């Protein structure tokens, strides 16, 4: 290629509940040969990744997922005409259905991707997770999918308290009373829409597993991480890689059962008796994905190679005991940069 490899990446928000984009870009820059050009795709003009110019070369706003797949396709065609994108890596749950729908159209333009199939995406959805897990022999909490707040009464009777109230795409609240559950229902449905998922509370140790599946049933990389510090939104602000054959086996079992094609994250609760309950399966890289690169299994760089048709063999052992600690700092820009982004959608 006589020009830099150009990769477009979403998820540039780096707030207290960060998107994976900045971590994905760090891993790409570390794991792929130069020259490499990164195009940031943002939804808000104040997403910090836009203004980190040693990370992102140029940024464009794209329409919210609610605008639909065709509007997204048209916007990406506009950006591609100016930037000659080779590969796109979306990093938000809510945007993935649109990217999946237009993936073949993008490929016809020359934009590669490595995304799950619609069937894979739906099978691990929160509303279908219980069915998928039971069909494939995974332990999973009991749950109910509800559309009305008055259904919480029967959920409390069935599961007892505390119970977990989950939004359609993001966020979860542990409710210890019916009143708390009702408050969570209205807050989450107002933010993410219906339905709401109510899940049995499982007490244990929170563990997350980053998995890269090849789409044929093999996991090319499995890296488990235990949260060391958790924010009030339940996000890991520090974590450590674990050496644990059971966790690695769980990641490989999921890749085989689903034939997962892309990166994903298994949210696991390990009980005191050693059972591994799958709480959620996120269909994209987690915000802590740079830890996989630091541990010797650079999942974003491997995904980029897969998308570009380059053969990727399974990684060797990863390094346990690698710790990430997230931090915040004040990044200073000129108001003119923000005005260009907010006014013209380009920066």
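Just so you know, all these numbers are worked out from the coordinates, no wet-lab data involved. Source: prediction; values computed, not measured. Every residue, glycine as well, gets a Cβ built from its backbone with ideal geometry; the counts of neighbours run over all protein chains shown.
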Inset, instruction - Using the 2.2 N^0.38 Å rule of thumb for compact globular proteins, work out how region 208-299 stacks up: its C-alpha Rg over that value, please. - result: 1.01
Inset, instruction - Tell me, rounded to the nearest percent, the portion of alpha carbon pairs in region 143-196 spaced more than 15 Å apart. - result: 33
Inset, instruction - Starting with the fewest neighbours, write out 288, 237, 329, 260 ranked by other beta-carbon atoms found within 10 Å of each beta-carbon. - result: 329, 237, 288, 260
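Hey, what's the per residue convex hull volume over the C-alpha atoms of region 133-258, in cubic angstrom?
Details: hull volume 16.1 nm³, N = 126.
Value for region 133-258: 128 Å³ per residue.
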Inset, instruction - Let me have the 222 nm mean residue ellipticity of the chain computed from DSSP H runs of 4+ only, each contributing -39500 (n - 2.57), with the sum over all residues rounded to the nearest 500. - result: -9500 deg cm²/dmol
Inset, instruction - Could you line up 85, 127, 289, 325 from fewest to most neighbouring Cβ atoms inside 10 Å? - result: 325, 127, 85, 289
Inset, instruction - Could you let me know the centre-to-centre spacing of region 142-188 and region 104-124, using Cα atoms, in angstrom? - result: 33
Inset, instruction - Using only the Cα atoms of region 30-114, build the gyration tensor, take square roots of its eigenvalues as a ≥ b ≥ c, and label the shape rounded, prolate or oblate: rounded if a/c is under 1.5, else prolate if a/b is larger than b/c, else oblate. - result: oblate
Legend entry - Degrees separating the helix 69-83 axis from the principal Cα axis of the chain, which is the longest one: 30
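Would you mind calculating the relative contact order of region 143-196 from Cα pairs under 8 angstrom and at least 6 residues apart, reporting the percent as a whole number? Let's see the in-between values first.
Working: 72 pairs, mean separation 21.0, N = 54.
Dividing the mean separation by the residue count of region 143-196 yields 39 percent.
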Legend entry - Segment residue 30-residue 107, extension gain: residue separation times 0.36 nm, minus the distance between their alpha carbons: 25.2 nm
Legend entry - Extension gain (nm, one decimal) between residue 337 and residue 46, 0.36 nm per residue minus Cα-Cα: 103.7 nm
Inset, instruction - Take residue 157, project a point 7 Å from its Cα along the Cβ direction, then tell me which residues of region 177-193 have their backbone nitrogen under 19 Å from it. - result: 177-182
Inset, instruction - Could you list the square roots of 5 times each eigenvalue of the Cα gyration tensor of the chain, that is, the equivalent ellipsoid semi-axes, sorted largest first and rounded to whole Å? - result: 32, 24, 20
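By counting other Cβ atoms within 10 Å of each Cβ, how are 230, 310, 332 ranked from fewest to most? Display every interim value, and only then the final one.
Details: 230 13, 310 9, 332 6.
Lowest to highest Cβ neighbour count: 332, 310, 230.
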Legend entry - For region 1-51 and region 296-325, distance of Cα centres in Å: 17
